[in-house]
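Take this structure first; my questions come after.
The values are calculated or read from the model by the stated rules, or taken from the named source; none is laboratory data. Remember, predicted model here, so these are calculated numbers, not experimental data. Note that each Cβ is placed from the backbone with ideal geometry, even for glycine, and that neighbours are counted across all protein chains shown. Ligands, DNA and RNA are excluded from the accessible area calculation, which covers all protein heavy atoms including side chains. Shrake-Rupley method; radii C 1.70, N 1.55, O 1.52, S 1.80 Å.
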Amino acid sequence: MTQVIERGTPLPTPQRAGGRRRSPAAAACVLGGAMAAGLGLGFLAVLVIVLWISSPYPDSGPGGALHLAAGLWLLAHGTDLVRYETLSGVPAPVGMTPLLLVALPVLLMRRAARLGSACGDGSDGDEVLPASAVFSAVTCGYLAVGSLATVYAAGGPMPADPLSAAWHVPLVAVLAAAGGVWVAKGRPLGPLPEWVPKGVRRAVARPRYALALRSGAAGALVLLGGGVLLVGASLAWHGAEVQGTFLALTGVWSGRFAVLLLALALIPNAMVWGAAYALGPGFALGAGATVTPLGFEGSAALPLPRFPLLSALPPQGPGSPVTWAVGVIPVAAGLAVGWLAVRRAREVSYGETALTAGLGSMVCGLLTAGLAGAASGPLGSRELARFGPVWWQAGGAAAAWTLAVAVPLAVAVHAWRNRPAAGTGPGDEWHAPGTRELRWETLRRAAGAPLVPDRAPVAAPAPVPPVPPVRPQPQPNPVPVPEPDPEPEPDPVPTPIPDPVPATPVAPPVLPVSGARVLSRRRPPL
């Protein structure tokens, strides 16, 4: 049987049992997560293959280069690698994650979650996926490729630790996907879910927590900025040593390019090390050496790797006034926390302001501890088993520095903003803030009527019914009427003129005011 379809009529689509057509939104989200992982792997694979081709002494084939690329991709998620080819024959762990390399999987996963949230806008019967479904689908696709990469990297020169990969890769994927879905949904900051206890929901809804998060994040950023200044100044001060180390590592351009890329990838790590150095605990350069502002303690024969960034370390020995001056950086972080923790409202008490500043210091300490933990790790066994700052020492020092500076500053700023107006003394209540409004209200109540009458609402005019038009009637012919004779006018009588009366000034009516009293506004307690 032939069916005639008119021009412009849409073709029928397969329907579900509920009346909606099948939507590939969920499959697209899974595919998007897998593609995000594949793009990260492909980028590192191309980079490693280019360096392998340009190397004059390649020690493995293209298969080894691809296995190494898979291991680097897992290292970008924080996974520990194991190096078996060592001089001592003991496997050496490699857990120092270049933080700049972490940006590659995070950005790709976040982009995939945003694109997955945009699938299915509800038009033409498309299925609109909720945020939880998009998050789950994208994460599943990413973890599927991550598990295959872990298995593939096991046959390379630097395989990944399975236990480390089992929680590092899902952690990065979950955080990046959650951030992408949150941004795609318009960054909602609504109330917590219903399963959260009511007391917790009420406590979190208070404005002190938003101020604490903002001030703590600002303090952490100030610490990182100070770390950047320290690293840049140290590299400039030891420029000759850094250049000599860079040129002595290798003599071919491909090797120098690889060293340069590794140094750039470790710049964020150096920022965190500089912040930990300014806070006081410093960072470890192995099991027997620690760099702090008070001095460089450790063995002089420590077998440090020859690397440009390590050539910018301070000399061994006790500290000097130049190294002690780095204490300005945590003081600046505390000032930032204290300044941003003050609310611009008179009803806020001093205790509330101090509590907000204290919470901001705790947030700054937690962020610093997390960054210190991510920027440190082992580079080998024995002496190089500890490398970088200790996370709990750096976090505790950041919280202590900012707490000691932020709380007094926040209370002082709150007192300054709520000070009385200029020229107001203990006996000058007439010009106190708010007295003018109280005097006006007292006079209005004593008068019994408002001094400025309120306007009565004007009622809308009633609708006028339409009047039908009146047709003109024909008028009869007028009849002439004779005019009467005019009567004689009487003689005019003179009108007496009254004497002028002097004008008496009339005083304006005085409103009866009884019992009026001027009240002054009570000052807030200092």
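Among L355, L371, which is surrounded by fewer than 22 Cβ atoms within 10 Å (Cβ to Cβ) and either on the phi > 0 side of the Ramachandran plot or not in a loop (DSSP other than H, G, I, E, B) (or both)? Spell out how you get there, then give the answer.
On the way: L371 fails: surrounded by fewer than 22 Cβ atoms within 10 Å (Cβ to Cβ).
The match here is L355.
Then there's this: So, of the residues in the stretch 82-98 that are in a loop (DSSP other than H, G, I, E, B) and within 23 Å of W273 (Cβ to Cβ), which turns out to be farthest from the chain's Cα centre (by Cα)?
So in the stretch 82-98, the residues in a loop (DSSP other than H, G, I, E, B) come out as 84-91, 95-98.
Checking the rest, the ones that are also within 23 Å of W273 (Cβ to Cβ) come to 95-98.
Values: G95: 29, M96: 27, T97: 24, P98: 23 Å.
Across the stretch 82-98, the extreme among qualifying residues is G95.
Here is a further query. Which residues, taken from the stretch 198-221, are over 20 Å from T353 (Cβ atoms) and either surrounded by 15 or more Cβ atoms within 10 Å (Cβ to Cβ) or touching a strand residue (DSSP E or B) at 6+ places or on another chain (Cβ under 8 Å) (or both)?
If the condition is that a residue be over 20 Å from T353 (Cβ atoms) and either surrounded by 15 or more Cβ atoms within 10 Å (Cβ to Cβ) or touching a strand residue (DSSP E or B) at 6+ places or on another chain (Cβ under 8 Å) (or both), then A220 is the only one that fits.
Condition first: in contact with a strand residue (DSSP E or B) (Cβ under 7 Å, 6 or more places away or on another chain) and open to solvent by 20 Å² or more (accessible area, probe 1.4 Å). Now tell me which residues in the stretch 284-293 satisfy that.
Step one: filter the stretch 284-293 for residues in contact with a strand residue (DSSP E or B) (Cβ under 7 Å, 6 or more places away or on another chain), giving 284-286, 288-291.
Result: G288, T290.
Right, here's the next one. Pick from L87, L66, L75, L115: which is surrounded by fewer than 23 Cβ atoms within 10 Å (Cβ to Cβ) and closer than 23 Å to A178 by Cβ? Lay out the reasoning, then the answer.
Values: L87 fails: closer than 23 Å to A178 by Cβ; L66 fails: closer than 23 Å to A178 by Cβ; L75 fails: surrounded by fewer than 23 Cβ atoms within 10 Å (Cβ to Cβ).
When all the criteria are applied, what remains is L115.
While we're on this one: Condition check: at pLDDT below 95, at positive phi and either small (G, A, S) or surrounded by fewer than 20 Cβ atoms within 10 Å (Cβ to Cβ) (or both). Does G280 satisfy that?
Working: at pLDDT below 95: yes; at positive phi: yes; either small (G, A, S) or surrounded by fewer than 20 Cβ atoms within 10 Å (Cβ to Cβ) (or both): yes.
In short, yes.
Are any residues in the stretch 136-149 of a type outside the set (A, V, I, L, M) and surrounded by fewer than 22 Cβ atoms within 10 Å (Cβ to Cβ), and if so, which ones? Steps first, answer last, please.
Looking only at the stretch 136-149, we keep the residues that are of a type outside the set (A, V, I, L, M), and these are 136, 139-142, 146-147.
Correct list: S136, C140, S147.
Given (1) open to solvent by 30 Å² or more (accessible area, probe 1.4 Å); (2) farther than 16 Å from T292 by Cα; (3) modelled with pLDDT under 95, where does P315 come up short, assuming only one miss?
(2)
For the stretch 318-327, which residues satisfy the criterion of being part of a helix (DSSP H, G or I) and either in contact (Cβ under 8 Å) with a residue 24 or more places away in the chain or open to solvent by less than 40 Å² (accessible area, probe 1.4 Å) (or both)? Outline the logic, then answer.
Of the residues in the stretch 318-327, the ones part of a helix (DSSP H, G or I) are 321-327.
T323, W324, V326, G327 - these are the residues of the stretch 318-327 that are part of a helix (DSSP H, G or I) and either in contact (Cβ under 8 Å) with a residue 24 or more places away in the chain or open to solvent by less than 40 Å² (accessible area, probe 1.4 Å) (or both).
Of a type outside the set (S, T, Y) and without any contact (Cβ under 8 Å) to a residue 60 or more places away in the chain: which single residue out of A258, A233 fits that description?
On the way: A258 fails: without any contact (Cβ under 8 Å) to a residue 60 or more places away in the chain.
Of A258, A233, the one residue that is of a type outside the set (S, T, Y) and without any contact (Cβ under 8 Å) to a residue 60 or more places away in the chain is A233.
May I pose another question? Assess whether G19 counts as being over 37 Å from the mean Cα position of the chain (by Cα) and modelled with pLDDT under 75. I'd like the intermediate steps shown before the answer.
Details: over 37 Å from the mean Cα position of the chain (by Cα): yes; modelled with pLDDT under 75: yes.
Against the criterion (over 37 Å from the mean Cα position of the chain (by Cα) and modelled with pLDDT under 75), G19 qualifies.
Sticking with this structure for a sec: Suppose the filter is of a type outside the set (K, R), part of a helix (DSSP H, G or I) and without any contact (Cβ under 8 Å) to a residue 12 or more places away in the chain; does G334 pass it? Before the answer, list the steps.
Values: of a type outside the set (K, R): yes; part of a helix (DSSP H, G or I): yes; without any contact (Cβ under 8 Å) to a residue 12 or more places away in the chain: no.
So G334 does not fit the description; no.
Go over the candidates V169, V183, V174 one by one and state the one that is open to solvent by 50 Å² or more (accessible area, probe 1.4 Å), touching a residue at least 24 places away in the same chain (Cβ under 8 Å) and within 25 Å of A133 (Cα to Cα). Write out each step before concluding.
Details: V169 fails: open to solvent by 50 Å² or more (accessible area, probe 1.4 Å); V183 fails: open to solvent by 50 Å² or more (accessible area, probe 1.4 Å).
Criteria check complete, one pass: V174.
On to the next question. List every residue pair whose Cβ atoms lie under 7 Å apart, where the two residues are 6 or more positions apart in sequence or sit on different chains, the first residue falls within the stretch 56-78 and is more than 12 Å from T97 (Cβ to Cβ), and the second residue, located anywhere, is hydroxyl-bearing (S, T, Y) and open to solvent by 60 Å² or more (accessible area, probe 1.4 Å).
Correct list of pairs: H67/Y152; A70/Y152.
Inspect all residues belonging to the stretch 254-264 and state whether any of them is surrounded by fewer than 20 Cβ atoms within 10 Å (Cβ to Cβ), touching a Lys or Arg at 6+ places or on another chain (Cβ under 9 Å) and aliphatic (A, V, I, L, M). Give the derivation first.
Residues of the stretch 254-264 that are surrounded by fewer than 20 Cβ atoms within 10 Å (Cβ to Cβ), as a first pass: 254-264.
Then drop every residue that is not touching a Lys or Arg at 6+ places or on another chain (Cβ under 9 Å), which leaves none.
No.
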